[in-house]
1. Report yes if some residue within region 13-26 is at pLDDT 80 or above, surrounded by fewer than 11 Cβ atoms within 10 Å (Cβ to Cβ) and in a loop (DSSP other than H, G, I, E, B); otherwise report no.
2. Looking at 80, 100 in this structure, which one is touching a helix residue (DSSP H, G or I) at 6+ places or on another chain (Cβ under 8 Å) and surrounded by 14 or more Cβ atoms within 10 Å (Cβ to Cβ)?
3. Output the number of the condition that residue 29 fails; it satisfies all remaining conditions of (1) under 26 Å from residue 96 (Cβ atoms); (2) surrounded by 14 or more Cβ atoms within 10 Å (Cβ to Cβ); (3) at pLDDT 85 or above.
4. Which ones in region 57-95 are outside any loop (DSSP other than H, G, I, E, B) and under 21 Å from residue 43 (Cβ atoms)?
(Lines give C-alpha, C1' and ligand atoms only; values in the text may rest on other atoms or scores of the structure.)
Protein backbone atom coordinates (compact mmCIF):
# COMPACT_ATOMS: atom_id res chain seq x y z
CA UNK A 1 0.00 0.00 0.00
CA UNK A 2 1.37 3.42 -0.91
CA UNK A 3 2.38 5.71 1.94
CA UNK A 4 -0.05 8.43 0.82
CA UNK A 5 -2.99 6.03 0.75
CA UNK A 6 -2.03 4.76 4.21
CA UNK A 7 -1.91 8.33 5.57
CA UNK A 8 -5.37 9.03 4.14
CA UNK A 9 -6.73 5.83 5.68
CA UNK A 10 -5.14 6.71 9.04
CA UNK A 11 -6.64 10.19 8.85
CA UNK A 12 -10.09 8.79 8.10
CA UNK A 13 -9.81 6.25 10.94
CA UNK A 14 -8.68 9.00 13.31
CA UNK A 15 -11.75 11.07 12.39
CA UNK A 16 -14.09 8.12 12.81
CA UNK A 17 -12.48 7.26 16.15
CA UNK A 18 -12.81 10.84 17.39
CA UNK A 19 -16.50 10.85 16.41
CA UNK A 20 -17.09 7.50 18.10
CA UNK A 21 -15.32 8.73 21.25
CA UNK A 22 -17.62 11.74 21.32
CA UNK A 23 -20.68 9.52 20.90
CA UNK A 24 -19.39 7.24 23.65
CA UNK A 25 -18.92 10.21 25.97
CA UNK A 26 -22.50 11.27 25.22
CA UNK A 27 -23.71 7.78 26.08
CA UNK A 28 -24.73 6.89 22.52
CA UNK A 29 -22.01 4.27 21.92
CA UNK A 30 -21.41 1.45 24.40
CA UNK A 31 -18.01 0.28 25.71
CA UNK A 32 -17.92 -2.85 23.51
CA UNK A 33 -18.44 -0.81 20.35
CA UNK A 34 -15.82 1.70 21.46
CA UNK A 35 -13.32 -1.13 21.98
CA UNK A 36 -13.96 -2.23 18.37
CA UNK A 37 -13.13 1.27 17.16
CA UNK A 38 -9.98 1.24 19.29
CA UNK A 39 -8.82 -2.00 17.67
CA UNK A 40 -9.43 -0.60 14.18
CA UNK A 41 -7.12 2.32 14.91
CA UNK A 42 -4.13 0.24 16.06
CA UNK A 43 -1.02 0.37 13.90
CA UNK A 44 -1.05 -2.77 11.72
CA UNK A 45 1.69 -5.32 12.37
CA UNK A 46 3.14 -7.00 9.30
CA UNK A 47 5.50 -9.97 9.20
CA UNK A 48 9.00 -9.07 8.01
CA UNK A 49 11.33 -11.24 5.96
CA UNK A 50 14.93 -11.83 7.05
CA UNK A 51 16.11 -9.51 4.26
CA UNK A 52 13.70 -6.78 5.37
CA UNK A 53 14.95 -7.02 8.95
CA UNK A 54 18.58 -6.80 7.85
CA UNK A 55 17.79 -3.87 5.52
CA UNK A 56 15.94 -2.12 8.32
CA UNK A 57 18.90 -2.48 10.69
CA UNK A 58 21.31 -1.33 8.00
CA UNK A 59 19.07 1.64 7.17
CA UNK A 60 19.36 2.67 10.82
CA UNK A 61 23.14 2.16 10.61
CA UNK A 62 23.49 0.06 13.75
CA UNK A 63 25.10 -3.27 14.56
CA UNK A 64 23.08 -6.34 15.49
CA UNK A 65 24.14 -5.80 19.11
CA UNK A 66 22.88 -2.20 19.20
CA UNK A 67 19.68 -3.09 17.30
CA UNK A 68 19.01 -5.88 19.80
CA UNK A 69 19.52 -3.44 22.67
CA UNK A 70 16.87 -1.07 21.23
CA UNK A 71 14.44 -3.98 20.80
CA UNK A 72 15.25 -5.41 24.25
CA UNK A 73 16.21 -8.81 22.83
CA UNK A 74 19.44 -10.77 22.70
CA UNK A 75 21.85 -10.20 19.82
CA UNK A 76 21.39 -13.87 18.92
CA UNK A 77 17.69 -13.19 18.28
CA UNK A 78 18.47 -10.47 15.72
CA UNK A 79 21.06 -12.72 14.09
CA UNK A 80 18.60 -15.62 13.83
CA UNK A 81 15.88 -13.31 12.41
CA UNK A 82 18.26 -12.07 9.74
CA UNK A 83 19.30 -15.63 8.82
CA UNK A 84 15.67 -16.82 8.74
CA UNK A 85 16.18 -19.34 11.55
CA UNK A 86 13.54 -17.66 13.72
CA UNK A 87 10.78 -15.13 13.13
CA UNK A 88 10.07 -12.17 15.39
CA UNK A 89 6.64 -12.09 16.99
CA UNK A 90 4.68 -10.30 19.69
CA UNK A 91 6.25 -7.13 21.09
CA UNK A 92 9.42 -7.57 19.03
CA UNK A 93 7.47 -7.63 15.78
CA UNK A 94 5.46 -4.59 16.86
CA UNK A 95 8.68 -2.69 17.65
CA UNK A 96 10.21 -3.69 14.31
CA UNK A 97 7.11 -2.34 12.53
CA UNK A 98 7.40 0.93 14.47
CA UNK A 99 11.08 1.21 13.51
CA UNK A 100 10.15 0.50 9.89
CA UNK A 101 7.51 3.23 9.89
CA UNK A 102 9.13 5.88 12.09
CA UNK A 103 12.80 5.05 12.53
CA UNK A 104 14.82 3.81 15.47
CA UNK A 105 14.37 7.06 17.38
CA UNK A 106 10.66 6.19 17.76
CA UNK A 107 11.55 3.46 20.26
CA UNK A 108 14.61 5.07 21.84
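1. Yes - at least one qualifying residue is present in region 13-26.
2. On inspection, the qualifying residue turns out to be 100.
3. All conditions pass for residue 29, except number (1).
4. 57, 59, 67, 70, 71, 81, 90, 91, 92, 93, 94, 95, listed by residue number.
Residue by residue, here is whether (1) modelled with pLDDT under 95; (2) in contact with a helix residue (DSSP H, G or I) (Cβ under 8 Å, 6 or more places away or on another chain) holds:
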| residue | (1), (2) |
| --- | --- |
| 33 | yes, yes |
| 41 | yes, yes |
| 49 | no, no |
| 60 | no, yes |
| 64 | no, yes |
| 67 | no, yes |
| 71 | no, yes |
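The values are calculated or read from the model by the stated rules, or taken from the named source; none is laboratory data. The structure displayed is predicted, hence computed values, not measured ones. In this analysis, Cβ positions are derived from the backbone assuming ideal geometry, glycine residues included, and neighbour counts consider all displayed protein chains.
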